[in-house]
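Asker: Can you read through this structure? Questions will come right after.
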Amino acid sequence: MKITIVAGARPNFIKIAPLIHEIIRVKETGADISYRLVHTGQHYNHNLSDIFFKELEIPEPHANLEVGSGTQAEQTAGIMIGFEKELLQHPCDLVVVVGDVNSTMACSIVAKKLNIKVAHVEAGIRSFDLAMPEEINRMVTDAITDYFFTTSAVANQNLLKAGTNEHNIFFVGNIMIDTLRKNESRFKRPQFFDAHGLQEGNYIVMTLHRPSNVDDPVHLKNLLDAIVESIHDYHLVFPIHPRTQKTLDKINFKSDRLILIEPLSYLEFNYMVKNCKAVITDSGGIQEETTVLGIPCITMRSNTERPETVTVGSNVLIGNNIELLRQQLAHVFDGSWKKSSLPELWDGATAPRIVQQFLQLEKSGRL
Ligand code: UDP
């Protein structure tokens, strides 16, 4: 069985690592399975791409489409053109896409039009917010996917409500947590940690990159003002996404509480999260990782496609409401954060379940 795996952006790299390692392991035991990894080049710099391959020991991609940055349409179109050539030159039995980035949607369309089966890992999650580009990517991908690998019962329900055949849905758990569990003992304290006098539990970590939070300079300034006012003598560690940096360059924000740094590597970032007081974020994956690490997570969005991080996990949603942010930070500091637990099958063993299912699909003639 020949599988082509697609990855384009930071969160994709974290999801494909355990899948590739498991395919290699199963192949070594004699199974008829091989993979080809296609990097679309959606994220291409060292901080957002190369370092993840190195740290997570992902083998070199077989092909890089080098699409680079551009508008949504430019990027999607570029990936489609490149991936069509790739699949024509290297036919396969199954294309595996992960997550919800432009590469996920673009490559699933190309594969289906070439009549190749598509598997979507992290299928079925929905924010029901079409203002999020990722929601459109999820909906389009799931409209044409053949086999749906899901992280939660809610994702299964979303797919069933959309008319998906239940025999094509496989509830396998959360593959990001495979990466988290496997690497937890390797998390790395970054150099700046000691240089800034940080200690376990005396800082907050923040990541923001969604347009609704970072494109308006006035809103970003108000947000940062409110945070530094509410965190007492704690530090705010802010690995800054290139999109957010552009807006920050337009405002004059200075505070000796703020530690502004480049995006961190996976091992360094998760060291920072594991040892912090709380996280403020608008990321999808970080809502999941904080739930598993049991760290309070304040999400600056009014909806989430990962509702189990709120109902079961350590996450709360506050939209872009600065007053709610102050209130939630007060809960962090007075020790009244809610108790949380782990969603079902977020156990670090998702990749083996997926690969077994691939083998089963092949055996039963469904590829
Ligand atoms: N992450 C990282 N370094 C950082 C910020 C995030 O390694 O400086 C990791 C984080 O642990 C998570 C993933 O990147 O696994 C989330 O990526 P992002 O927020 O870009 O995407 P989303 O999850 O929102 O799709």
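Residues are listed down the side, and each one gets a yes or a no for (1) surrounded by 24 or more Cβ atoms within 10 Å (Cβ to Cβ); (2) under 16 Å from the mean Cα position of the chain (by Cα); (3) closer than 22 Å to Gly284 by Cα:
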site: Ile3; (1), (2), (3): no, no, no
site: Glu28; (1), (2), (3): no, no, no
site: Ser34; (1), (2), (3): no, no, no
site: Val38; (1), (2), (3): yes, no, no
site: Gly41; (1), (2), (3): no, no, yes
site: Leu48; (1), (2), (3): no, yes, yes
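Asker: Same structure, new question: State which residue pairs qualify: first residue closer than 17 Å to Gln360 by Cβ and inside region 23-50, second residue in a loop (DSSP other than H, G, I, E, B) and at pLDDT 95 or above in any location, beta carbons under 7 Å apart, and separation of 6 or more residues or different chains.
Answerer: Ile23/Ile33; Val26/Ile33; Lys27/Ile33; Asp32/Met1; Ile33/Met1
Asker: Quick one: would you say Leu48 is in a helix (DSSP H, G or I), closer than 25 Å to Glu135 by Cα and at pLDDT below 95?
Answerer: yes
Asker: Another question, then. If a residue must be acidic (Asp, Glu), in a helix (DSSP H, G or I) and within 12 Å of the ligand (Cβ to nearest atom), how many such residues does region 283-318 contain?
Answerer: Number satisfying all stated conditions: 2.
Asker: List every residue pair whose Cβ atoms lie under 7 Å apart, where the two residues are 6 or more positions apart in sequence or sit on different chains, the first residue falls within region 51-78 and is farther than 28 Å from Asn270 by Cβ, and the second residue, located anywhere, is at pLDDT 95 or above and part of a loop (DSSP other than H, G, I, E, B).
Answerer: Note: pairs meeting the criteria are Leu65/Thr40; Leu65/Gly41; Glu66/Gly41; Gly78/Val67.
Asker: Just for helices (runs of 4 or more DSSP H) wholly inside region 111-200: which have at least 1 residues that are β-branched (Val, Ile, Thr)?
Answerer: Output list reads 133-144, 153-161, 175-183.
Asker: Can you find a residue that is in a helix (DSSP H, G or I) and within 26 Å of Gly335 (Cβ to Cβ) anywhere in region 251-270?
Answerer: yes
Asker: Hey, another quick one. Do you know which residues across region 321-336 are touching a residue at least 40 places away in the same chain (Cβ under 8 Å) and surrounded by fewer than 19 Cβ atoms within 10 Å (Cβ to Cβ)?
Answerer: Ile322, Arg326, Ala330, Phe333
The values are calculated or read from the model by the stated rules, or taken from the named source; none is laboratory data. Bear in mind the structure is a predicted one, so any value in this text is a computation, not a measurement. For neighbour counting, all protein chains shown are included, and Cβ atoms are generated from backbone atoms with ideal geometry for every residue, glycine included.
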